[in-house]
Amino acid sequence: MTPAQTVETVFRIESARIIAGVARIVRDVGIAEELAQDALVAALEQWPRAGIPDNPAAWLMATARNRAVDLVRRKETYARKLAEVGRTLEDVPPPPEPAAPDDIDDDVLRLVFTACHPVLGAEARIALTLRLVGGLTTQEIARAFLTSEPTVAQRIVRAKRALAKAGVPFEVPYGADREARLASVLEVIYLVFNEGYSATAGDDLVRPALCEDALRLARVLAALMPEEGEVHGLAALLEFQASRIAARTGPDGEPVLLADQNRAKWNRMLIRRGFEAVGRAGTGPYSLQAAIAGCHARAVRYEDTDWKTIAALYARLVRLVPSPVVELNRAVAVSMAEGPEAALPLVDSLAAEPALRAYHLLPSVRGDLLERLGRRAEARTEFERAASLTRNARERELLLGRARSLGTP
């Protein structure tokens with residue numbers, strides 16, 4: 001790995017912590033991201049010449065923090081800052097100290113709650129947090145949202161400006177304010193994990209570092225809010241999904257479908273944690289998805305999977321959160337419980353959905369159903385179309401391989 005590749009890899013893993021650490025100093029997430037990018041540029045300039053430091057992550061953090069301190073010093077003298085703090089203490093009574101169990105001493109989670117401030121619209125909150133916390137590019141976020149890159153880029157820029165204009169503090173809210181932001185926080189953690197679990201672009205199917213960060217945040221949040229069923233539902237879902245990561249790819253990084261996975265590689269400790277969290281989960285969308293994942297975790301063999309229960313759970317989920325993606329997942333479960341002929345009309349009914357026009361899993365699922373129905377030529381066409389839509393190299397290879405296995409036109 002070249003020094004430049006090392007820089008990019010380390011920054012990708014550590015960017016959220018660096019931005020969060022710098023935001024604690026400058027109190028502005030937009031400026032914090034710029035300073036983190038400055039540290040990245042400095043590393044790209046210096047590491048090829050001076051060599052990779054013993055602790056690359058610490059080097060990047062120290063460089064970004066030093067630049068943050070320099071920026072603060074340039075903006076204000078120590079005396080002016082002291083006077084400003086003094087006036088603030090005189091004019092405004094200090095907020096009541098929160099109870100210790102309700103406090104969050106985690107910079108990354110603090111960054112998530114800050115980016116999910118109500119001053120932003122829901123889509124802007126999620127896009128900004130995926131950018132700052134997940135380290136996702138605008139292209140990756142656009143794929144997660146099933147929307148265009150310019151739209152996502154505009155949302156992120158406007159979100160940073162809105163936070164700066166409103167003077168949103170870099171802190172974790174308490175009480176009702178925290179409750180108001182919780183839904184966005186859960187969705188962000190969920191989307192970050194999903195991008196790591198099945199990367200929308202690039203050469204790797206799985207990006208474990210993103211999954212680990214999302215799982216860590218979910219666990220912290222579950223410990224922080226023990227009475228919130230949906231928080232435990234999300235934690236359970238991510239535990240179950242993370243348990244299968246080692247089995248999702250082969251020796252050369254190629255995807256391994258669920259039916260072909262070696263279940264001995266599934267992490268039993270994570271599965272156990274998932275079932276423990278399910279016991280505290282509620283009845284919301286994440287809890288239902290966790291119940292579905294739990295059905296897969298219980299099956300010793302693929303053939304033992306309780307597809308009828310999974311289809312019923314998806315039916316409840318689609319009533320709770322109507323979504324073409326959830327409908328597509330329900331169709332897959334129906335195909336396994338009742339046969340492909342029962343599921344094909346469900347999939348065909350989604351063909352006109354605008355959100356799924358560029359979604360590669362729609363033709364992929366349709367191709368699988370057609371293949372099982374013996375309609376090989378049509379199935380091959382669908383797999384080729386799915387391959388043309390995905391931006392993940394590993395998925396593209398898998399889909400093209402399935403198309404080739406059905407013969408040539």
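Table: residues versus (1) open to solvent by less than 50 Å² (accessible area, probe 1.4 Å); (2) closer than 23 Å to A246 by Cα; (3) assigned to a loop (DSSP other than H, G, I, E, B).
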residue	(1), (2), (3)
I271	yes, yes, no
A277	yes, yes, no
T283	no, no, yes
Q289	yes, yes, no
V300	no, yes, yes
L313	yes, no, no
R319	no, no, no
V325	yes, no, no
L328	yes, no, no
- Of the residues in region 330-360, those that are at pLDDT below 95 and closer than 21 Å to P285 by Cβ come to E353, A355, L356, Y359
- Message: Quick check on my filter: what residues within region 330-360 are open to solvent by 60 Å² or more (accessible area, probe 1.4 Å) and assigned to a helix (DSSP H, G or I)?
- Response: M336, E338, E341, P345, D348, P354
- Message: Within region 1-78, considering only helices (runs of 4 or more DSSP H) that don't extend past its boundaries, which have at least 2 residues that are touching a residue at least 60 places away in the same chain (Cβ under 8 Å) and either open to solvent by less than 30 Å² (accessible area, probe 1.4 Å) or under 22 Å from L109 (Cα atoms) (or both)?
- Response: 3-26, 29-50
- Item | Residues satisfying the stated conditions in region 371-394, i.e. in a helix (DSSP H, G or I) and open to solvent by less than 30 Å² (accessible area, probe 1.4 Å) | A379, R380, F383, A386, A387, A393
- Query: In region 26-51, which residue that is modelled with pLDDT of 90 or more and β-branched (V, I, T) is farthest from R216 (Cα to Cα)?
  - Reply: V41
- Item | Given (1) of a type in the set (D, E, K, R); (2) more than 28 Å from E195 (Cβ to Cβ); (3) open to solvent by less than 50 Å² (accessible area, probe 1.4 Å), index of the condition D368 fails | (2)
- Go through V168, V152, V185 for me and flag whichever is closer than 26 Å to P354 by Cα and β-branched (V, I, T). V152
- Message: Against the definition (outside any loop (DSSP other than H, G, I, E, B), at pLDDT 80 or above, in contact with a His (Cβ under 8 Å, 6 or more places away or on another chain) and under 21 Å from A36 (Cβ atoms)), how does R125 come out, yes or no?
- Response: yes
- Task: From the list L346, L398, L362, pick out the single residue that is touching a strand residue (DSSP E or B) at 6+ places or on another chain (Cβ under 6 Å) and either under 25 Å from H296 (Cβ atoms) or basic (K, R) (or both).
- Result: L398
- Query: For region 334-356, what are the residues that are in contact with a helix residue (DSSP H, G or I) (Cβ under 6 Å, 6 or more places away or on another chain) and without any contact (Cβ under 8 Å) to a residue 40 or more places away in the chain?
  - Reply: V334, S335, M336, A337, P340, A342, A343, L344, L346, V347, L350, E353
- Item | So L258, is it under 26 Å from G121 (Cβ atoms), among the hydrophobic types (A, V, I, L, M, F, W, C), touching a helix residue (DSSP H, G or I) at 6+ places or on another chain (Cβ under 9 Å) and in contact (Cβ under 8 Å) with a residue 12 or more places away in the chain | no
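The values are calculated or read from the model by the stated rules, or taken from the named source; none is laboratory data. All figures in this text were calculated on a predicted structure; none of them were measured in a lab. Backbone-built Cβ (ideal geometry, glycine too); neighbour counts: all protein chains shown. What goes into the accessible areas is simple: the full protein's heavy atoms, side chains included, and nothing from ligands, DNA or RNA. Shrake-Rupley method; radii C 1.70, N 1.55, O 1.52, S 1.80 Å.
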